[in-house]
Amino acid sequence: SETVVRRERFAGGPAREFLSSMAFDDRLFEADLAVDRAHVVMLAEQGIVDAADAGAILDALDDVAEEGFDALPEGEDVHEAIETAVIERVGPDGGRMHTARSRNDEVAACLRYEYRDTLLEAIETTVAAREALCEVAEAERETVMPGYTHLQPAQPTTVAHWALSYEAALARDTERLLDAFDRTNRSPLGSAAFAGTPFDVDRERTAELLGFESVLDNSMDAVSSRDFLVEGSAAFAGLATTLSGLAEDLVVFANRGLVELDDDYASTSSIMPQKKNPDTLELVRSTAGDAFGGLHGLLTTMKGLPRAYNRDLQNASPHAWRVADAVAEATDVAAGAVSTADWPAEELAAAAGEGFSTATGVADLLAMHGLPFRTAHEIVAAAAERGADYDALDAACEEVVGEGIDSLADRDAVEAVLDPVASVASRDSMGGPAPGATAETLASALEGCAA
Ligand code: ARG
């Protein structure tokens with residue numbers, strides 16, 4: 001009959017493989033079954049398909065679910081293959097499943113359904129990484145370490161302060177993923193090809209059955225839009241950027257003997273027997289390449305597409321899957337590396353005082369005793385050139401303001417701020433590294449993770 005003629009004419013020929021999305025549609029298998037079920041239930045409730053046919057279709061869908069993606073018959077994509085499998089089981093009445101819909105609203109619904117899960121899993125993984133950082137902060141609240149700017153020793157800080165800096169960034173990355181989730185969680189189903197349908201469909205009902213928060217109103221927009229994938233991928237790209245910095249820090253710290261990575265997160269050389277390399281973290285760092293590449297691929301695919309559906313859209317989503325999978329995996333690995341790493345307190349403390357890292361604290365002290373900060377800065381800068389100890393400070397003071405440092409602050413106070421531990425303890429401003437301040441940051445970080 002006509003169906004057979006149509007299938008023969010559009011069998012695909014030499015471009016069949018090229019046309020097909022079966023190679024990556026397994027990801028939509030569960031989603032398509034859910035979308036099919038919701039649609040059929042709604043069709044029955046609306047009296048568009050009778051209860052017996054709907055029941056037979058739903059049974060067939062259970063059967064198809066049971067047998068799995070790999071057992072599907074041939075098809076251009078998972079949507080067509082599942083429909084064929086249903087018709088094989090039910091007979092021609094199985095074809096009623098596709099009443100009042102198109103693959104265009106079907107695939108858009110499947111993508112949103114599946115992407116919701118992808119986002120939720122990534123959000124859970126990101127929260128777990130934040131919890132791992134909080135545990136490090138808890139354990140290393142008073143572990144003094146060097147803090148860097150321009151990769152040079154700048155001011156002493158603590159491991160906890162460092163860890164919580166990444167927790168804070170990951171908390172915002174989590175918010176962005178949640179925002180993307182909100183705009184993903186809207187139903188395009190019932191839009192049909194783009195132009196709506198004469199059947200009395202209940203779009204809100206299918207949205208409800210599929211757990212969508214709301215319905216995308218305009219049916220042309222609903223099938224054409226993939227901005228939810230753009231937004232989610234951009235959030236993943238931001239997350240990958242945070243992770244790349246975290247990984248880079250750990251690579252540098254490991255290089256300087258300031259952190260000991262667990263063997264599970266390091267690798268060795270096939271020729272140089274003495275090597276322990278931070279390969280895993282280098283791969284985490286490289287994930288930004290997957291994320292930005294995928295986001296760019298997605299945006300480029302979408303750019304300039306006319307309304308409404310165009311087959312380019314089929315190639316948009318694999319970019320989003322690649323981004324999400326790569327970044328979620330890297331988040332998980334980074335969390336593992338963080339929670340198994342060892343922080344050698346003695347090496348960290350020794351390094352924390354290197355490079356006159358307490359200089360700012362001395363300038364702060366002199367300024368607290370009434371000197372303009374700029375003058376204090378000048379004195380300490382001059383001392384830095386002379387050796388960075390008490391005598392150097394004294395001589396520099398004489399040079400810049402014409403009197404010894406004891407005229408400004410007593411020796412004990414000066415010696416104290418030269419000590420990295422005291423230096424850290426003194427910086428107790430909100431969000432600072434002093435253990436008391438860090439405890440408050442940690443408490444709100446933990447609250448955020450639990451929310
Ligand atoms: N597999 C296709 C996709 O992912 C299904 C839509 C086909 N629609 C069409 N109008 N040719 O976009």
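The values are calculated or read from the model by the stated rules, or taken from the named source; none is laboratory data. Just so it is clear, the structure is predicted and the values come from calculations on it, not from any experiment. Positions of Cβ are backbone-derived with ideal geometry, glycine not excepted, and every protein chain shown enters the neighbour counts.
Observations
- Residue pairs meeting the criteria (Cβ under 8 Å; at least 6 apart or on separate chains; first on the phi > 0 side of the Ramachandran plot, in region 117-134; second at pLDDT below 95): none
- Hey, Val230 outside any loop (DSSP other than H, G, I, E, B), surrounded by fewer than 21 Cβ atoms within 10 Å (Cβ to Cβ) and without any contact (Cβ under 8 Å) to a residue 60 or more places away in the chain or not: no
- Test result for Thr118, under 30 Å from Arg311 (Cβ atoms) and hydroxyl-bearing (Ser, Thr, Tyr): yes
- Residue check for Ala60: surrounded by 21 or more Cβ atoms within 10 Å (Cβ to Cβ), away from the ligand (no atom under 16 Å from the Cβ) and in contact (Cβ under 8 Å) with a residue 12 or more places away in the chain: yes
- Where Thr301 falls short, out of the listed (1) in contact with a helix residue (DSSP H, G or I) (Cβ under 9 Å, 6 or more places away or on another chain); (2) more than 14 Å from Val230 (Cβ to Cβ); (3) free of Cβ contacts under 8 Å to residues at least 40 places away in the same chain: (2)
- Test: residue in region 405-413 that is of a type in the set (Ser, Thr, Tyr), surrounded by 17 or more Cβ atoms within 10 Å (Cβ to Cβ) and not in a loop (DSSP other than H, G, I, E, B): no
- Test: Ser244 is part of a helix (DSSP H, G or I), of a type outside the set (A, V, I, L, M, F, W, C), under 23 Å from the mean Cα position of the chain (by Cα) and over 30 Å from Arg112 (Cβ atoms): no
- Check on Leu111, under 27 Å from Ala195 (Cα atoms), assigned by TED's automatic domain parsing to the domain that holds Ala320 and not charged (D, E, K, R): yes
- Residue in region 178-187 that is aromatic (Phe, Trp, Tyr) and more than 16 Å from the ligand (Cβ to nearest atom) present: yes
- Residue within region 322-339 that is within 16 Å of the ligand (Cβ to nearest atom) and either under 16 Å from Leu111 (Cβ atoms) or at pLDDT 95 or above (or both) present: yes
- Filtered residues of region 352-382 (kept if touching a helix residue (DSSP H, G or I) at 6+ places or on another chain (Cβ under 7 Å), more than 17 Å from Glu398 (Cβ to Cβ) and among the acidic types (Asp, Glu)): none
- Criterion applied to Arg96, Arg89, Arg103 was being in contact with a His (Cβ under 9 Å, 6 or more places away or on another chain) and modelled with pLDDT of 95 or more, and the one residue passing it is Arg103.
- Checking each residue in region 71-122 for being away from the ligand (no atom under 11 Å from the Cβ), of a type outside the set (Ser, Thr, Tyr) and not in a helix (DSSP H, G or I) picks out Leu72, Pro73, Glu74, Gly91, Ala100, Arg101.
- Residue list for region 21-56, restricted to those being touching a residue at least 60 places away in the same chain (Cβ under 8 Å), of a type in the set (Gly, Ala, Ser) and either in contact with a Cys (Cβ under 9 Å, 6 or more places away or on another chain) or within 16 Å of the ligand (Cβ to nearest atom) (or both): Ser21, Ala31, Ala34
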